[in-house]
Every structure is written in C-alpha cells, then in structure tokens.
Amino acid sequence: MKLALFDDYRLGVVSADGRQIADVTAALPELHDPEPLGAGWWLRLCRDFAALRPRLEQAARMVAARPLDAVQLRAPVLNPSKIVACASNYGAHVAEMRESAQANAWLLEFDVFLKAPSAISGPRDPVVLPSEPVAQGGEIHYECELALVIGPGGKDIAEADALAHVLGYLIGIDVTLRGQGDRSRRKSYDTFCPLGPWLTTADEITDPHALDIALKLNGTPRQQVNTRDLLVEVPGIIAYASRVMRLEPGDVILTGAPPGVGAIQAGDEMEAAISGLGQMTIPVVMNSL
Ligand code: MN
C-alpha cells in the first residue's frame with residue numbers, strides 16, 4: 001500500500017502504477033485536522049496502521065481516484081518527533097569523505113544523529129539554498145538515502161523484532177552543508193530533507209537490503225548503489241537508535257549516504273529514485289532574501 005499526504009494534509013492511497021490517488025480521509029476513525037500542527041491523527045495512524053489498514057483499503061476501492069498530478073503532493077510524514085539519521089553507513093562513502101580531508105576521525109564511524117523535523121519538504125518542493133553559508137563559500141551536498149517511518153516503535157527494540165516496527169519506506173535526501181561545526185546544524189536548514197514521493201508500506205518491500213538507489217544531477221548519474229552495501233542494516237540501526245531514544249510512531253530514519261555525494265547549486269535538478277519506492281524530481285533554488 002502506498003500512503004500519501006496531499007492538499008490540506010489529506011490522506012491518500014496511491015495506485016500501484018503511481019499515477020492515481022484515492023482520497024481515503026473519510027475512512028479515518030477520527031476527525032481529520034487539516035492543520036499540520038494537529039498531526040496526532042497521522043501519528044496514531046502510524047501506530048495503529050495494522051488495525052486500520054482494511055478500512056483504508058476498502059475506501060481506496062470505493063472512491064474515484066484522481067490523477068496524482070492534479071493534487072499537491074506533500075511529504076508523506078507529519079510532525080515526526082525526530083529524524084534519526086545515520087552517519088558513515090556505506091564503506092565507499094566513508095572512503096570518499098576520508099579523501100576529502102574535511103572529516104575528523106569520529107565522523108568516519110557509524111553513528112546516529114538528529115536532523116530537525118522542520119527541515120522536511122515535499123517530493124515536488126524545491127531545496128532552497130541558504131544565502132549566508134553559500135556567500136561564505138560553503139558547499140551544499142545531496143545525499144540520497146533509503147528512509148523509513150516507524151510504526152509502533154518503542155525503547156530497546158531487539159534486532160530480531162526491528163522490522164516489525166517499520167511502517168514503510170520512502171526516498172529521503174539528506175541535504176548537507178559541508179564544513180566544520182555541528183552536524184545537526186549543517187543538516188537542518190529548512191527544505192534540507194525532501195521526503196517522498198509517498199510511503200510504501202513495509203509488506204511491499206520483500207528485502208530492504210536489495211534496493212537500488214539512484215540520484216541524477218541534471219540528468220547525470222551521481223549516486224548509484226544497492227542497499228546490500230549498508231554497513232549497519234535496518235534492524236541494526238533501529239536497535240542501536242532505540243537503545244538511546246524511544247522511537248515514536250511516525251519518526252523518520254535516514255539510513256545513511258551512499259557514495260557519490262557532491263555539490264548542488266541554484267538551477268540544478270535532482271532526480272532521486274529507489275526501486276519499488278518511486279522517484280522524485282527536486283529543483284534547487286537560491287534563497288532570494
Ligand atoms: Mn546522510
């Protein structure tokens with residue numbers, strides 16, 4: 001099942017071919033709140049999805065679907081309590097960062113860090129480059145990553161149980177200002193976390209460690225990797241993170257940058273795709289302030 005948020009944060013089910021969307025908002029067990037701050041309905045949907053799924057599937061069959069291009073597609077997450085992102089989770093990316101000589105030794109070890117949820121933007125929204133660090137010569141990079149959304153969640157989740165806590169998978173771009181200083185600040189500018197194009201529920205993904213990730217910049221392939229190359233796989237990431245912090249329903253995890261990262265500039269276009277999860281095309285613009 002492909003879940004999407006669109007227009008006034010309505011809930012949609014996207015057809016298998018990714019071309020149509022059915023509005024299933026009326027099938028929610030509680031009154032829908034179009035205000036993004038009223039995201040409780042979405043977070044409870046993430047927690048209770050297994051129980052709610054049959055009525056959503058039935059609604060998707062009953063209502064007339066619309067062309068996906070006719071709606072405003074939003075990021076398929078709403079007010080997560082946190083974005084947990086992985087650092088140094090592909091060997092070839094660790095090697096390229098080592099060569100760039102920007103990275104201290106501790107930055108080359110697998111770990112998790114936090115990225116501000118306010119950085120999230122939709123699958124058709126531009127990445128807006130902040131003028132101040134760009135004027136100071138700062139390089140801003142794309143990192144196209146397998147992302148996931150937590151369903152039930154919890155604390156101290158065992159690796160053996162971890163995949164049962166994945167509601168679904170999606171594409172994430174962990175946009176990053178390179179350079180010195182705290183990683184969370186450099187990755188938390190507004191629009192630095194495009195997510196989408198929709199949330200593909202975990203049952204549709206037979207093996208999250210056999211997915212092709214591809215990012216093209218202005219039509220040229222820049223990142224091309226398979227998730228089999230992840231150093232710490234999805235269950236290990238969930239177990240590691242949840243030993244530190246409770247993973248709440250609706251939380252987002254970015255699994256780490258594949259090799260091939262590079263700079264983006266105003267006027268660029270990023271085309272990101274992951275097998276089974278769709279694709280999204282993101283323009284890059286400069287903050288005009
Ligand atoms: Mn990253």
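Quick notes
- Over region 135-289, all Cα pairs binned in 5 Å intervals from 0 give whole-percent P(r) values of 2, 9, 18, 21, 19, 15, 9, 5, 2, 0, listed from short to long.
- Chain lengthening between Val71 and Arg243 when straightened (0.36 nm per residue, less Cα-Cα): 58.0 nm
- The radius of gyration of the Cα set in region 207-267, together with its Dmax, comes out at 14.6, 42 angstrom.
- The mean accessible area for residues of the chain, using a 1.4 Å probe and ignoring ligands and nucleic acids, is 42 Å² per residue.
- Once the gyration tensor of the Cα atoms in region 172-241 is diagonalised, the equivalent ellipsoid follows with semi-axes of 23, 18, 14 Å, ordered largest first.
- Relative contact order [Cα under 8 Å, 6+ residues apart], the chain, whole percent: 25
- The convex hull built on the alpha-carbon positions of region 241-289 has an orientation-averaged projected area of 6.3 nm².
- When nucleic acids and ligands are ignored and a 1.4 Å probe is applied, His165 ends up with an accessible area of around 30 Å².
- With each label modelled as a point 7 angstrom along the Cα→C-beta vector, the Val285-Ser118 pair spans 2.0 nm.
- Its relative contact order, with pairs defined as Cα atoms under 8 Å and 6+ residues apart, puts region 195-280 at 43 percent.
- Global geometry of region 86-181, whether rounded, prolate or oblate, following the gyration tensor of its Cα atoms and the 1.5 cut on a/c: oblate
- Extension gain, Ala64-Leu31: 0.36 nm per intervening residue step, less the Cα-Cα distance, totals 9.8 nm.
- Rounded, prolate or oblate (a/c below 1.5 giving rounded, otherwise prolate when a/b exceeds b/c) for region 1-91 by Cα gyration tensor: prolate
- Within the accessible area of region 1-99 (1.4 Å probe), percent carbon and sulfur: 51
- Region 1-63, relative contact order [Cα under 8 Å, separation at least 6], %: 27
- Taking only protein heavy atoms and a 1.4 Å probe, the accessible area of region 104-209 is 51% carbon and sulfur.
- Calculated over region 146-203, the projected area of the Cα convex hull averaged across directions stands at 5.4 nm².
- Put simply, the amide H of Trp198, placed in the peptide plane, has neighbours under 5 Å in Ile171, leaving out anything fewer than 5 places away on its chain.
- Computed label-point distance, nm, for sites Thr206 and Asp8 using a 7 Å Cα→Cβ extension: 4.3
- Pairwise inverse Cα distances across the chain, averaged and inverted, put the Kirkwood hydrodynamic radius at 19.1 Å.
- Projected label points at Leu107 and Leu52, each 7 Å from Cα along the beta carbon direction, are separated by 4.0 nanometres.
- DSSP bridge orientation in region 88-219 - percent antiparallel, rounded to nearest 5: 85
- Extension reserve of the Ala160-Asn79 stretch, reckoned as 0.36 nm per residue once the Cα distance is removed: 26.4 nm
The values are calculated or read from the model by the stated rules, or taken from the named source; none is laboratory data. Note that this is a predicted model, so its numbers are computed, not measured. FYI the Cβ positions are ideal-geometry reconstructions off the backbone, even for glycines, and counts take in every protein chain you see. These accessible areas exclude ligands, DNA and RNA; they are computed on the full protein's heavy atoms, side chains included. Shrake-Rupley method; radii C 1.70, N 1.55, O 1.52, S 1.80 Å.
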